[in-house]
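J.: For reference, the structure I am asking about is given below.
The values are calculated or read from the model by the stated rules, or taken from the named source; none is laboratory data. All values reported here derive from a predicted model rather than from experimental measurement. All Cβ positions, even for glycine, are placed from backbone atoms using ideal geometry, and neighbour counts span all protein chains on display. Just so you know, the surface numbers come from the protein's heavy atoms only, side chains and all, with ligands and any DNA or RNA stripped out. Shrake-Rupley method; radii C 1.70, N 1.55, O 1.52, S 1.80 Å.
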Amino acid sequence: LGGRQDGMVIKFTEDLSSVVWSTYLGGSGVDAIHGIKLDPNGDVWVVGGTNSVDMPVTNGVIQPTYEGGVDGFLGKIAGDGSQILALSYVGTSKYDQAYLIDLDKDGDVYIAGQSEGNLTVVNPPAGAVYRNVGAKQFVRKYNSTLTQIMYSTNIGSVNAVRPNLSPTAMLVDVCEEVYIAGWGGVTNQFGSVAGMPTTPDALQDQTDANDLYLFVLSKDAQNLDYATYLGGLNTVSTVGEHVDGG
């Protein structure tokens, strides 16, 4: 155990009768793993949050140092559990958390989370990303060695004070579109979903600020292809919708 709390990664046999390998992952502080994914080579990708200044980062990654507060992190572990192939911090000097992860057909990795420090927007060669200025949710695409951010954008209420969403699920499809779902409002300490963008074909374009929310970014995050709320329009401010888990 590296500190007060570490993440853990465990590989079981197919019938769950025994453990093939397991490892702690963390530094001297408090660390948590929120998401996990296998790549085509059988290596294990994890994403999470940390306040450790000494996470086991690898040489050449895009963000090798802890920035402060709480940072996200993103890492790749060899499929046999023998070594960390790549690990990078994801964050600013304020509160940041990386919650969701998926991979595309080329092995590039996508993550989503919250940032109160407004992570830097990065445009791909295809052109400027769709973004909501000052929003506190982020979506990022990295190459498979974590040496390059291929794009990074912010989604949510413009110039928000705190994050809108507790993010719960993410999917990258075969066309590299990114689907993300979450919820916010009265039962979410991070705030409401008021002011989130919706598209003209939204199933529900109105909100009582305490609802579920789904959005879809096009390839290279060039456009907001779809965004909608889902939930009742209640007049009582203490009533809302939410879902736990992924």
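J.: Which one of the conditions (1) within 26 Å of residue 77 (Cβ to Cβ); (2) touching a helix residue (DSSP H, G or I) at 6+ places or on another chain (Cβ under 7 Å); (3) of a type in the set (D, E, K, R) does residue 141 fail to meet, given that it meets all the rest?
T.: Answer for residue 141: the failing condition is (2).
J.: Of the conditions (1) open to solvent by 60 Å² or more (accessible area, probe 1.4 Å); (2) of a type in the set (A, V, I, L, M, F, W, C); (3) assigned to a loop (DSSP other than H, G, I, E, B), residue 209 fails just one. Which one is it?
T.: Condition not satisfied by residue 209: (1).
J.: When the residues of the range 58-105 are narrowed to those that are over 18 Å from the mean Cα position of the chain (by Cα), open to solvent by 50 Å² or more (accessible area, probe 1.4 Å) and not polar (S, T, N, Q), which ends up farthest from residue 40 (Cα to Cα)?
T.: Among those residues, the one meeting the criterion is 64.
J.: Which one is surrounded by the fewest Cβ atoms within 10 Å (Cβ to Cβ), of the residues in the range 3-30 that are closer than 17 Å to residue 98 by Cα and touching a residue at least 40 places away in the same chain (Cβ under 8 Å)?
T.: In this case the residue turns out to be 9.
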